[in-house]
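The values are calculated or read from the model by the stated rules, or taken from the named source; none is laboratory data. Predicted model only: the values in this text are computed from it and were never measured. Note that each Cβ is placed from the backbone with ideal geometry, even for glycine, and that neighbours are counted across all protein chains shown.
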Amino acid sequence: MTAFYACKEEQNLPIQQRQDNYVQVSSTDGALIQKQLTWIAKGLAGVADQTTSVKSKIHDFVELTELYSETNENLNTDLFTTLGYDYGVEVDQWLQANQPGNDYNQAYFFDIDIDDCPGKVGVRIPEADVIDQTKLHVVTPSNPLDNAVATLGYYISSMGMIDSLTITEDNMDSVYLWIVGVGNHCDEDTSYSELKPKRKPPLTPPNGPSYTVRLSTININTDEKNVSSNHPGDIYQEGHLAGKYQIRVSCGIYDPSDFSVWRETKFGDDQIWIGNFKAWGKHKTGRNVVKRYNGNTGNSNRGGAWSETVDKVLADEYFPDLENFVFVLYEFDWGVGTSGSPDNSVQARNWGYTYAPGQSNPYPINPATSSGGPLLNGQLSDNWVVLESDAAPSGSGPFAPMLPTGIWTQIPGTTSYSTMIPLDGEISSAVITLTEN
């Protein structure tokens, strides 16, 4: 680990004279990052308890943001401007006075760059616009490498001492919760597949025309916890402390006669970005919030269900008479392994949104992504939807004979076909369109 930080004297300068402080770490430094975020959470609980005006202002500033999340850098500026309060220094001084012998490093307070991804330390308040601020005020650090794990939340007891309780998906609504975490925007809003397609010629000469495969729409329903026997069954698609869903697609084309040869793939860096959606806030036009339902408590957030127009090309040369096309929808959490350990080859901590039992294929995928992601142990798991080829299909019309029977419906007046793919109960369905090239 390499750390760059200002000296103590500089950190005690007025905010206008202070340079931005940051650290550069790697994903293998997860324990160190978590330890420093824990100190910040304890210090924030302390200063918020002793100064109600600061506590109120932090809430107000956070509530103004779209995802109810504000960086410590901006909060530092805002608090100094409105109250003359030096946020970073006050947290440090509270820790020195109340947690003697701590190894808190102030350099972690503003910026933590993990690997090659710049990150901003900040405060998030779930459902800030409606949260009951009279409940016990608890500050918890989120784990930047695994938002699924339970974490300790810190508060000031009636004796004026720092105390803690475990924060889980089932009790986070019972307290006035603040979350200290690292926010970043790496790998977002990018469709790498349009920049560098990977394509090989068909293994055998096709009998029919090639088609462009397009994901037209997806119907987003409910992210359920402990309800369905399908996926995920025990946790949310997105960690319970996170405020944003990042929906992606991976897909590929292969000849059933040789599963090891993939002619066109969009795995790993080539995964397709669908969109970012919110986990907190009120669902309304222009502010789509994913509905989260907790089967343990019976509680839901204020999200909703809707049809999302995607209109993304998944493959631009598909021969349905001889090839299989497969795809998976998933919530993107890059760099998190199945046990919460860092693994930069993993695209998603959980299973994918797609779920179709009985589709597991025992043959290895080339290239394989990793265990714990959309590809399970280098194999095609049940998370993938498979559109199977049909070398001798039946049907009517000039184009339908080249498409698998009973799947595709011709769009009137065009050479395009669509099919509705039922997925699991969380993403209820997806519309795939084929257009003849």
_Subset of region 53-65 that is of a type in the set (Val, Ile, Thr) and at pLDDT 95 or above - its residue that is farthest from the chain's Cα centre (by Cα)_ = Val54
*Could you list all residues from region 266-317 that are among the β-branched types (Val, Ile, Thr), closer than 16 Å to Lys244 by Cα and without any contact (Cβ under 8 Å) to a residue 40 or more places away in the chain?*
Val289
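Per-residue answers, yes or no, for (1) in the same structural domain as Gly122 (by TED's automatic domain parsing); (2) surrounded by 23 or more Cβ atoms within 10 Å (Cβ to Cβ); (3) modelled with pLDDT of 85 or more:
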site: Lys244; (1), (2), (3): no, no, yes
site: Thr285; (1), (2), (3): no, no, no
site: Val290; (1), (2), (3): no, yes, yes
site: Gly298; (1), (2), (3): no, no, yes
site: Leu314; (1), (2), (3): no, yes, yes
site: Asp321; (1), (2), (3): no, no, no
site: Tyr353; (1), (2), (3): no, yes, no
*Taking region 117-136 only, how many residues are over 19 Å from Met172 (Cα atoms) and either more than 18 Å from the chain's Cα centre (by Cα) or at pLDDT 90 or above (or both)?*
2
*Within region 56-90, track down each residue that is touching a strand residue (DSSP E or B) at 6+ places or on another chain (Cβ under 7 Å) and touching a residue at least 60 places away in the same chain (Cβ under 8 Å).*
Ile58, Val62, Leu67, Tyr68, Ser69, Thr71
*Find the residue count for region 422-437, including only residues that are at pLDDT below 85 and in a strand (DSSP E or B).*
3
*Of all residues in region 111-125, which are crowded, with 22+ Cβ neighbours inside 10 Å and in a loop (DSSP other than H, G, I, E, B)?*
Gly119, Ile125
_Filtered residues of region 265-283 (kept if within 20 Å of Ser216 (Cβ to Cβ) and modelled with pLDDT of 80 or more)_ = Ile272, Trp273, Ile274, Gly275, Asn276, Phe277
*Unique residue being farther than 20 Å from Ile162 by Cβ, touching a helix residue (DSSP H, G or I) at 6+ places or on another chain (Cβ under 8 Å) and part of a loop (DSSP other than H, G, I, E, B) when the list is Tyr85, Tyr104*: Tyr85
*Is there a residue being under 19 Å from Gly239 (Cα atoms) and within 19 Å of the chain's Cα centre (by Cα) anywhere in region 304-317?*
yes
*Taking the residues in region 397-414 that are more than 17 Å from Leu387 (Cβ to Cβ) and modelled with pLDDT under 80 as candidates, determine which candidate is surrounded by the most Cβ atoms within 10 Å (Cβ to Cβ).*
Gly397
*For region 260-302, which residues satisfy the criterion of being in a helix (DSSP H, G or I) and of a type in the set (Gly, Ala, Ser)?*
Gly268
*asked:* When the residues of region 262-283 are narrowed to those that are surrounded by fewer than 18 Cβ atoms within 10 Å (Cβ to Cβ) and touching a strand residue (DSSP E or B) at 6+ places or on another chain (Cβ under 6 Å), which ends up nearest to Leu177 (Cα to Cα)?
replied: His283
